[in-house]
Amino acid sequence: IDKVHWCGLSMGGMVGQWLGANAPERFNKMILANTSCYYPDPTNWHNRIKAVREGGIAAVADAVIGGWLTADFRERAPDATAKMKAMLLATPVEGYLAACEALSTLDQRALLPTIKSPVLVIAGRQDNATPVAAGEFIRANIPGASMTLLDAAHISNVEQSHAFTEAVVGFLTQR
């Protein structure tokens, strides 16, 4: 496969930023969803690392799920919420800790202006992990990027699956 469209959510969006800047010839269009390029204060990540080291992922699972999905969605979709929590709890602790360490030092702000592919940024209005302001910063710093806001928290493709899919398909099919 010589060239692809990229759709990355959260850390997948962070990987996409790096790839878009460092291997632009491999991408047609990119969707960067519920993501950030920088965390100015690593304290939250350090606190989460400490909590997971002391109590495993279960120590943070409810807080993480609370950030991933709005209270309304968790109430309306308890089965989907339970599946997400089970997935989180099945994550190997060392992998989770490594992800938190990586996020605590993330700074890709300088890469954004070098991304030349057409980019759609998707942000969730209730996303506290990667707030709308983070998405707006990415949109403003990638030439020609556009942005769509969804009524969702961090995992917008689950919480607003139809709206997310419509945004992605609409972006990929526009000329």
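Name the single residue, out of those in region 111-138 being assigned to a helix (DSSP H, G or I), in contact (Cβ under 8 Å) with a residue 24 or more places away in the chain and among the β-branched types (Val, Ile, Thr), that is surrounded by the most Cβ atoms within 10 Å (Cβ to Cβ).
Kept after step one, since they are assigned to a helix (DSSP H, G or I), are these residues of region 111-138: 111-114, 132-138.
With the extra rule that they be in contact (Cβ under 8 Å) with a residue 24 or more places away in the chain, the set shrinks to 111-114, 134-135, 137-138.
From what is left, the residues that are among the β-branched types (Val, Ile, Thr) are 114, 138.
Values: 114: 14, 138: 26.
Per the stated criteria, the residue is 138.
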Inset, instruction - Give just the number: which of (1) within 19 Å of the chain's Cα centre (by Cα); (2) of a type in the set (A, V, I, L, M, F, W, C); (3) farther than 28 Å from residue 23 by Cβ does residue 82 not satisfy? - result: (1)
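Per-residue answers, yes or no, for (1) in contact with a strand residue (DSSP E or B) (Cβ under 9 Å, 6 or more places away or on another chain); (2) under 20 Å from residue 38 (Cβ atoms):
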position: 132; (1), (2): yes, yes
position: 135; (1), (2): yes, yes
position: 148; (1), (2): yes, no
position: 162; (1), (2): no, no
position: 165; (1), (2): no, no
position: 169; (1), (2): no, no
Legend entry - Matching option when the condition is within 21 Å of residue 154 (Cβ to Cβ) and more than 16 Å from the chain's Cα centre (by Cα), among 123, 98, 129, 102: 98
Legend entry - Output for region 157-175, where each listed residue is in contact (Cβ under 8 Å) with a residue 40 or more places away in the chain and more than 15 Å from residue 76 (Cβ to Cβ): 157, 164, 167, 168, 171, 172
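No value in this document is a laboratory result; all are computed from the given coordinates. Everything numeric in this text was worked out from a predicted model, so none of it was measured. Quick reminder, even Gly has a Cβ in these numbers, built from the backbone with ideal geometry, and neighbours come from all protein chains shown.
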